[in-house]
Amino acid sequence: MGLACKLLEVLSEAMGLEKEALTKACVDMDQKVVVNFYPKCPQPDLTLGLKRHTDPGTITLLLQDQVGGLQATRDNGNTWITVQPVEGAFVVNLGDHGHYLSNGRFKNADHQAVVNSDCSRLSIATFQNPAPDATVYPLKIREGEKPILEEPITFAEMYRRKMSKDLELARLKKLAKEQQQLKEKEAENEKPKLEAKPLEEILA
Ligand SMILES: O=C(O)CCC(=O)C(=O)O
Ligand SMILES: [Fe+2]
């Protein structure tokens, strides 16, 4: 928590604000610790350890072991960059709340975790979250910029919108997959059947 607050001070100053600006905007900072265990997988290409997402909170500190599996993307999932483990180092990810408060200047990290067939993997994430009723809105909008949020909302509302968007995306993905499968089935049924010709006809 101490390290996260220190980092938020540095980010506040980088935005030209007073040191405490980001922590103050959290009203009452909450910390959640999650331990992720990824068992080794015989067919790692068929699955993910953790699907693509951004963390909802302000800032995340992640400690990973030496196995590696965390990946980030800068091009909407077209290519993935593996975050190589560095012994004793934390990975610092900005979350959605940090993204909005900085008006998108500090990007929320778009990431996922892959598994591998040789070793299991462990990571420990600490999420720094604002209070549910903390206001989510850019703390500073620079000249020429537009606010990336239409109106101030609470963190609870921001989280609710994120979850319903995720559910809608999952529903559309499932629908697209079902339609694709249906098309493939129809194409399979329309294939002309090869009829066996009598031998005399072939030889004639
Ligand atoms: O295990 C990892 O490297 C990523 C964990 C993560 O993204 C999360 O817990 O939100
Ligand atoms: Fe994450």
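The values are calculated or read from the model by the stated rules, or taken from the named source; none is laboratory data. All values reported here derive from a predicted model rather than from experimental measurement. Backbone-built Cβ (ideal geometry, glycine too); neighbour counts: all protein chains shown. What goes into the accessible areas is simple: the full protein's heavy atoms, side chains included, and nothing from ligands, DNA or RNA. Shrake-Rupley method; radii C 1.70, N 1.55, O 1.52, S 1.80 Å.
List the residues of the stretch 66-102 whose backbone N lies under 16 Å from a point placed 7 Å from the Cα of Ile141 along the Cα-to-Cβ direction.
100-102
So if R0 is 30 Å, what FRET efficiency would Asp118 and Asp75 give, r being the distance between their Cβ atoms, rounded to the nearest 0.05?
0.60
Are any of the pairs Lys24/Lys165; Lys24/Lys107; Lys19/Lys162; Lys107/Lys146; Lys19/Lys165 more than 22 Å apart by Cα-Cα distance, and if so, which?
Lys24/Lys165; Lys19/Lys162; Lys19/Lys165
At a 1.4 Å probe radius, carbon and sulfur cover how many percent of the accessible area of the chain?
Here carbon and sulfur together make up 56 percent of the probe-accessible area.
Per DSSP H run of n ≥ 4, the term is -39500 (n - 2.57); total these for the chain, divide by its residue number, and report the mean residue ellipticity at 222 nm rounded to 500 deg cm²/dmol.
Value at 222 nm, helices only: -10000 deg cm²/dmol.
In Å, the Kirkwood hydrodynamic radius of the stretch 24-107 over pairs of distinct alpha carbons?
14.9 Å
For the stretch 27-189, what is the relative contact order in percent, using Cα pairs closer than 8 Å and at least 6 residues apart in sequence?
Dividing the mean separation by the residue count of the stretch 27-189 yields 30 percent.
How much length is gained on full extension from Lys185 to Gln31, taking 0.36 nm per residue of separation minus their Cα-Cα distance?
50.5 nm
Find the accessible area per residue for the chain; the probe is 1.4 Å, ligands and nucleic acids are left out, and the unit is Å².
Ligands and nucleic acids excluded, the figure is 67 Å² per residue.
Using only the Cα atoms, what convex hull volume per residue in Å³ does the chain have?
That works out to 194 Å³ per residue.
How long is the stretch 89-204 along each principal axis, judged by its Cα atoms, biggest number first, in Å?
Reported extents, whole Å, longest axis first: 86, 41, 28.
Compare Thr154, Thr23, Thr79 in a GNM of the chain, Cα atoms joined below 10 Å, and give the one with the largest fluctuation.
In the Gaussian network model the winner is Thr79.
Between Gly69, Gly104, Gly88, where does the largest GNM mean-square fluctuation fall for the chain, given springs only between Cα atoms within less than 10 Å?
Maximum fluctuation in the GNM of the chain, among the listed residues, is at Gly88.
If exposed means no more than 15 neighbouring beta carbons inside 10 Å and the site is in a DSSP loop, what's the longest run of the chain without any exposed GluC sites (Glu not before Pro)?
Within the chain, the longest run free of exposed GluC sites (Glu not before Pro) spans 21-86.
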